[in-house]
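All remarks here apply to the structure that follows.
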Amino acid sequence: MTHVLFAPHFDPAANRTSLEVPEGLTIAGIIAAAVPQLRDEDHQQLRVHVAGPRDSYIVPSALWPVCRPKQGMQVMLHLVPAGDGARAVLQTVVVVGAMALGQYWASALIPAAGVGQSLLAAGLTAGLSMVGNMLVNSLVPAQAVGLSSSRNSEAEATPSSYAINGWSNVARKGEPIPFALGQIRMAPPFGAGSYTEIYDDKQYVRTLFCFGYGPLEVDDIRIGDVPISEYDDVEIEIREGYESDEPVSLYPRQVIEDPDAGGVELVRNYPRDGSGQPDTSQTAELAPVVRLSATNATHATVIIGFPQGLFRIESNGDKRNEAVDIRIRQRLSDADEWQDVTTISVSQHRREAFYRAHTWELPSRGRWQIEVTRLTTEAVTGNSVPTRVSNTALAAIQSHRPEYPIAMSKPLTLVAVRCRATYQLNGQLDNLNAIVRRVSRDWDGSAWVMRASRNPASAYVLALQGNQNPFPEPD
């Protein structure tokens with residue numbers, strides 16, 4: 001066995017953590033075995049020091065795939081955090097610490113070395129890693145690029161790793177339509193639910209906001225405190241609420257994205273033995289996830305997420321693609337046979353989260369059962385493949401109807417937005433808000449004219465005669 005030390009550079013006073021890895025591995029293989037969660041971009045901050053009884057040296061990164069420490073040599077890993085590297089450092093400490101404590105506690109609980117101790121150590125290591133990573137996530141959230149800070153610093157991430165989780169505006173189902181008077185800054189409620197689109201590994205979000213009964217002049221649109229013009233990749237469409245307004249084109253049809261349908265892990269796991277380890281000698285069972293579309297749907301979309309990426313690292317440090325197959329089926333009722341829709345095959349070597357989507361036309365209009373099943377068995381870690389990541393989740397199911405999203409006879413002031421997830425717009429977005437001014441009949445000294453007005457008398461006339469009044473007063 002080769003002895004490996006890990007010393008966290010950001011806390012020199014902390015005790016060094018040690019572990020043993022199989023002898024004969026290259027430096028790349030040692031790194032992959034000792035710190036499997038290390039990202040590609042963090043390798044630039046890694047320092048490898050090999051020491052023996054007579055000499056010691058620093059191994060350049062170019063030699064990691066070919067350099068094999070001799071017997072009796074000790075390998076020391078220093079990880080110097082930079083930028084978002086702090087999160088990777090914490091995760092590394094968790095992994096190495098869990099391995100060391102798992103071995104220590106296993107030997108304390110089961111004094112006799114053997115298979116039992118190894119299995120117990122593996123279980124303890126997995127449990128400690130899970131708890132430790134939960135603490136890391138709470139201290140340093142993944143992709144924590146907030147709207148308020150994104151204007152000052154760009155996140156070190158790839159474009160496909162950004163994701164918009166939603167807006168801070170509210171849905172006011174069953175409540176009256178807003179009726180703004182005078183001039184006011186307003187954060188409107190949703191006019192229809194937001195939904196996600198995936199194109200070329202990029203996430204787009206379409207949203208429709210309703211400022212209420214029109215007409216209203218809409219000005220100075222912001223996301224939180226930042227003018228919307230400061231952001232790239234944002235399309236916006238305004239309908240001020242006149243009878244002559246054209247339909248909104250950025251949100252032309254109904255798309256219902258069920259918030260409770262997503263966030264489900266897709267698995268095909270092997271049965272577990274008495275120690276909780278996967279028994280690969282048995283057949284891994286399918287675990288279909290079934291969801292219902294909305295009523296009267298004509299099309300459906302399934303969005304599959306890979307929250308930790310999709311990749312494989314061989315024992316020698318070589319990077320390889322990992323592949324996953326996801327089957328989609330449909331049926332109209334429990335009495336019907338399942339119909340195959342498609343099988344999504346994804347093969348990638350990517351360490352950041354990404355998505356895949358599939359949209360299809362349903363055989364007939366109605367409410368369909370949609371089944372999503374992972375066909376690929378779980379990724380089992382062993383001596384020959386120390387790192388395989390293929391966690392898969394059902395991110396969302398969408399139902400499409402061709403009808404316009406607004407069914408209202410009175411003209412409304414609407415703002416439609418289509419934005420792409422970027423370093424500027426990432427995670428939970430602040431509310432969209434704008435200055436609105438009521439356009440109403442206003443007395444100019446000699447006649448009534450239509451214009452934006454803050455005159456209380458004009459507001460009083462509008463309250464009696466406006467579109468919001470089901471029983472308007474005559475002139």
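The values are calculated or read from the model by the stated rules, or taken from the named source; none is laboratory data. Note that the structure is a prediction, hence the values are computed from the model and not measured. Every residue, glycine as well, gets a Cβ built from its backbone with ideal geometry; the counts of neighbours run over all protein chains shown. What goes into the accessible areas is simple: the full protein's heavy atoms, side chains included, and nothing from ligands, DNA or RNA. Shrake-Rupley method; radii C 1.70, N 1.55, O 1.52, S 1.80 Å.
A few points about this structure:
- When each of the peptides 342-351, 443-452 is scored by how many other beta carbons lie within 10 Å of its residues on average, the order from highest to lowest is 342-351, 443-452.
- Straight-line cross-link partners of K319 among the aspartates and glutamates, defined as a Cα under 13 Å from its Cα and at least 8 positions apart when in the same chain: D40.
- Sorting 169-176, 366-373 by their mean Cβ neighbour count within 10 Å, with the most densely packed peptide first, gives 366-373, 169-176.
- Protection-proxy order for peptides 222-230, 249-257, each taking the mean of Cβ atoms within 10 Å per residue, highest first: 249-257, 222-230
- Listed by chain and number, the lysines whose alpha-carbon sits under 19 Å from that of K173, ignoring those within fewer than 8 places in the same chain, are K410.
- Measuring only protein heavy atoms, the 1.4 Å probe finds S56 accessible over about 70 Å².
- Looking at region 201-259, the accessible area is 47 square angstrom per residue; that uses a 1.4 Å probe and ignores ligands, DNA and RNA.
- Kirkwood-type radius of region 375-475, with distances r between different C-alpha atoms, in Å: 20.5
- Neighbourhood net charge (12 Å Cβ-Cβ; Lys/Arg +1, Asp/Glu -1) for S458: +3
- Modelled this way, with points 7 Å down the Cα-to-C-beta line, the labels at S281 and A323 are 2.8 nm from one another.
- Treating r as the C-beta distance of D444 and D245 and R0 as 30 Å, the FRET efficiency rounds to 0.75.
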